[in-house]
Every structure is written in C-alpha cells, then in structure tokens.
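S.K.: A single structure is presented below for examination.
What follows is calculated from the coordinates using simple rules that are stated; it is not laboratory data. Not measured: the values here are computed from a predicted model. Neighbour counts are summed over all protein chains in view; Cβ atoms, including those assigned to glycine, are modelled from backbone coordinates with ideal geometry.
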Amino acid sequence: MYVKPSVPLSIGGVLDEAFRLYRRGFSKSWRLALCAQLVLAVPAVILRYQMKSAASAAGNPRAALAVFMSPAVWLPYLIIVLVAIGFYNALIVHLDGCANSNEQPARQSLASGFRLFPRTLLLFLVMSVMLIVAGVGMGLAVAIGKAISPVISAVAIVAILAAAIYVWGRAFLAHVALVVENAQVFRSIEISWTFIKDHWWRTATVYTVALFIAVVFYFVMGFLDGIVAWGLHDSFGAATVLTQLVAIAGGTVLMSFLPAVLLSMYYDLKLRKQGADLAGRVNTLAPQ
C-alpha cells in the first residue's frame, strides 16, 4: 500500500517513493499506457513502410528526405503526438489519485486528461517560445561575434544557454502543477518556479538519475528490437509486427515511470515549500 510521505525526503528517498508510486499505480495505469503505445505504433509502422520504399531507390538521397517531408508521414505523427498528450495527462491524473487515496477509473482519468489537453498544449507552446527566444539570442550572439569579437560571442552564447537551461529548469514541473492543481498555464509556471527555488540542482539530479534508468531500459529494448529485426530480415512484414510488439510492451512498462518520478519530486518540493512558509510565519510571530 502506497502512503504519500509527510516529510521532505533525500534525493534517494524521492527516487524510492517514485518506484513505490510507480508500482502502486501500474496495476491500473498499464491500460492507459498500452492504449497510448498502440496509438503511437500507427505512425511508426507507416514510417517503416515508407522508409522501405525509399531504400529501394538506392543512391537517391532525396527519396529518403521526401519520406520525412511527406504529409503521409509527418501528419499522422503530429496527430498521434497530440493524442498522446491526453494519455500522458491521464497517467498523471491516475498516479496522483493513487498517491492521494483517490483512485479514478481509467475512463475517468482519460476524460480528465483530454479535458486538460488545450491547456497543456498552450503550456507547451509557451515553453517552446522560451526556447525560440533563447535560440534567437544565440543567433544574435553569433552575428555579433562575427562583427566584433569571437570571444564576446562565445561568452554571450554560454551566458544565454545557461540562462535558458536555468529558466527551463525552474519551469520544469509546470505540467505536473497544471494537472495536479488544475492550474492555468501561467499559474502552473509560477507554482513550478516557486517550488524549485533553491532546489534547482536537487531537481536536476533526481530527474537525471531517472532519465538514466529510462535510457538504459530503452537501450535494452532497442537491443531486443534489433535482434528481432535481424532474425527476421527476410520477412519484412513479420519483422515489423514483432519489433512493434516489443516497442509497445517496453513503452507500456516504462510510460508511467517518469510521471511517477515527476509527481514524487512535486510532492517533496511542495512539502518543503509548506515547511518554509510555516517556519516563516512562526518566525514572524515569535517575540523579538
């Protein structure tokens, strides 16, 4: 039985809680994850067959480029990625319910996830604008470097990149805040910005470890996928089906893990913020 911590935890403690939450929620969240992986498999299969056709035109690099430029490839991917956002929201809703002893049926979690879809999309657009602004800034720095000094250009690029990473890190939990608190876009960014204050490196460390675990898992799944593809290289159809089944199985297993990590980080930082606020109020009321 998972019980949400009532006190702040160490970095290892946050990761332990993430694994506990993941195990607690997986018994039901796997259905949502499986549906999302099945949806994501559609454009992957389309791309695989398109690439096979391009491979037959050996020596024509434009053929391979045309595959990715074709609406038959990028349009399904775009649509499916948008749909996947709704599923991802649903996973956060479900795991948050598990953590707070308020589990929802998968159907209700899915409805909540897609209800938050427009707001989530707007949040992603806002975050994308931040990255675009940083990119434009680095482009200007390069132009200045050509006109004035390469040293000044290099310093400016490093400064802009560091600022962009810092700002992105402070807004890192905005998506979780949007779903968990049912917050509006800029309010969710404000919550993330406030919670991560003084805990930037801690947050980065926890998520880096979680990403390393996910990368190792996907590396193993990719290795298995390669073995299947090599063993069935004479049968393109069978290889496509089996490799997609491997990808779907792996994605289903792992898809709930990173949301569990993000939620555990969010709960821990929220406790720390509440504790800091309480300490501040006590100090204010204490006789001088």
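S.K.: Quick one: 92, 213, fewest Cβ neighbours within 10 Å first, how do they rank?
M.R.: 213, 92
S.K.: Give me 264, 192, 128, 153 sorted ascending by neighbouring Cβ count inside 10 Å, so fewest comes first.
M.R.: 128, 153, 192, 264
S.K.: If each residue of separation counts as 0.36 nm, what is the full-extension length gain between residue 122 and residue 227 once their alpha-carbon separation is subtracted?
M.R.: Working it through step by step, the gained length comes to 33.8 nm.
S.K.: Moving to a separate point now. What size of dipole, in debye to the nearest 20, comes out for the range 165-231 about its Cα centre when the only charges are +1 on Lys and Arg C-beta atoms and -1 on Asp and Glu C-beta atoms?
M.R.: Once rounded to the nearest 20, the dipole reads 160 debye.
S.K.: Counting other beta carbons within 10 Å of each residue's own, what order do 35, 98 fall into, fewest first?
M.R.: 35, 98
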